[in-house]
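Only the coordinates and a few stated rules stand behind these numbers; no lab work does. Bear in mind the structure is a predicted one, so any value in this text is a computation, not a measurement. Neighbour counts are summed over all protein chains in view; Cβ atoms, including those assigned to glycine, are modelled from backbone coordinates with ideal geometry.
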Amino acid sequence: MAEIDDPDADLLARLARGEPQAARELVERKLPRMLGLAQRLLGNRAEAEEVAQEGLVRAWQQVGHWRPGQARFDTWLHEVVLNLCRDRLRRRAVRREEALDEHAEAAAFADPGPTPEQQLDHAQHSARIAAALDALPPRQREALVLHYYQALPQAEAAALMGVSVDALESLLARARRSLRARLQDASTSAIAAPADPGGSPP
């Protein structure tokens, strides 16, 4: 089996030798991508920061056992953070089932209300995309985030999810359709919203 070319190989070797600068480079190189992955899957900045940092700590702890040429470090790190996110989502679901009554659950999922009139259009659009992404089934959301947001090749994204490339393509197709439909519904709702009754008559 041919060895896999890993752009992080030199950094990992320096980490294994205990170079302080290498640890800083690991954080600078990987933390933003891992934070983006976690935030899109969890929808919570604080939790995403915890997960991304935990993933990097695990990477640092395992660097002495890393076997270069067998797998890309970036792919392995994605898998670690992805599994940490799945654990958080499972625990979150259990807590909702066990602890939230109907009123609390309704409050947790309540519409946060319209954005301020002065908010920039691109910020409003980003909020609609985030809400639509969060509403997707977990597997579809994972597929979209890994392939489009994290820019992983389909083969790597499929391997991380434990599915074939064909199955990943099917997930992506369904996710794109659902996302388009949700964004269209959001746009239609915004256009159809009633005018302010306090305004001046025509």
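Computed from label points 7 Å out along Cα-Cβ, the spacing between N83 and R17 is 3.0 nm.
Its alpha carbons give segment 148-187 an Rg and a Dmax of 12.0, 35 Å. Taken over the alpha carbons of segment 1-101 as equal point scatterers, the Debye sum produces base-10 log I(q)/I(0) values at 0.21 Å⁻¹ of -1.04.
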